[in-house]
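Take a look at the structure below.
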Amino acid sequence: MVLLFIFCSLGRFAFMFAVLPVRPYFWRINGKHKITILSALCGSAVKNAFIRIRKEMMTEKTDSKKVLVLLGSPRKKGNSTTLAKKIIEGAEAAGATVEQIYLHGRDIAACQACYACQKPDSKGCAIDDDMQPIYQKLLDADAWVIASPVYWFSMSAQTKLFFDRCFALLAYKEGAFAGKRIAIAMSYGDADPFNSGCVNALRTFQDAFRYVGAKMVGMVYGSAEKPGEIKSNQTLMEAAEALGKKLAEC
């Protein structure tokens, strides 16, 4: 064992000594050329080890879940956004790649009930606005997080506009919703989710995603009025972070 340790240490030293003069340039070299250089300098053992590590890194990168976060509050530091940020923390801690989209300020028109997206030869939604690039992001993501405050006993207008336009998603890919993992984050001003109307939005999400074959991984929601106030609910913050980890791992 001692001899093996000495051998490995000497091999590492020899490699570092050989590469040292060109170290700033070595890591910029194409992967195949790196392997050739390593083989010439250190022999096949180091070469094979490098190939194995490179394959593991590539596999790890490929297996990383993509999470798309749709933020439906007009306040970037609002309470539903704060909850979503905790979900993001959990997802990233579990190795997921996360992208956020603030819906407020986007040019997303209301569905015009033209049914162009439902025709047999449809190429997608007929409305050319900011929803078009979002469709592709929805398709590419493994999981979605939808965050919204409660406005007038349901989700915000920004969230509803986006959600209605998801009606056209199947025109871009058959079975587009199937297998998508969904998390919901909501905040409300009343003391409980029933009086506030939060349950109306939660039920809408549950029913819609069940209908299209998506998987509801979990929901976090809580009461808060002032922007960021929900941070004081430590139990809820922990639940949001745990939901993010679950979303990325399942």
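The string of couplings for the stretch 170-178 from the Karplus curve (6.51, -1.76, 1.60, θ = phi - 60°) is 5, 6, 8, 7, 5, x, 4, 8, 4 Hz, one whole number per residue in order, with x for Gly and Pro.
In this simple spin-label model, placing a label point 7 Å from the Cα along the Cα-to-Cβ direction at both D128 and E92 gives a separation of 3.6 nm.
Between amide H atoms placed 1.01 Å from N, distances below 5 Å from S154 occur with no residue 5 or more places distant or on a separate chain.
Between K231 and D207, the simple spin-label model (points 7 angstrom out along Cα→Cβ) gives 3.7 nm. Our coupling estimate for the stretch 143-156, obtained by passing each phi through the Karplus curve with A = 6.51, B = -1.76, C = 1.60 and θ = phi - 60°, is 9, 10, 10, 10, 10, 8, x, 7, 10, 6, 6, 7, 6, 5 Hz, Gly and Pro reported as x. Listed values for the stretch 214-224 are Karplus-derived 3J(HN,Hα) couplings in whole Hz (6.51 cos²θ - 1.76 cosθ + 1.60, θ = phi - 60°), namely 7, 9, 7, 6, x, 9, 10, 7, x, 8, 6, and x replaces Gly and Pro.
Rule-based calculations on the coordinates, nothing more; no lab input. Please read these numbers as outputs of a predicted model, since none were measured by experiment. All Cβ positions, glycine included, derive from the backbone under ideal geometry; neighbour counts span all protein chains shown.
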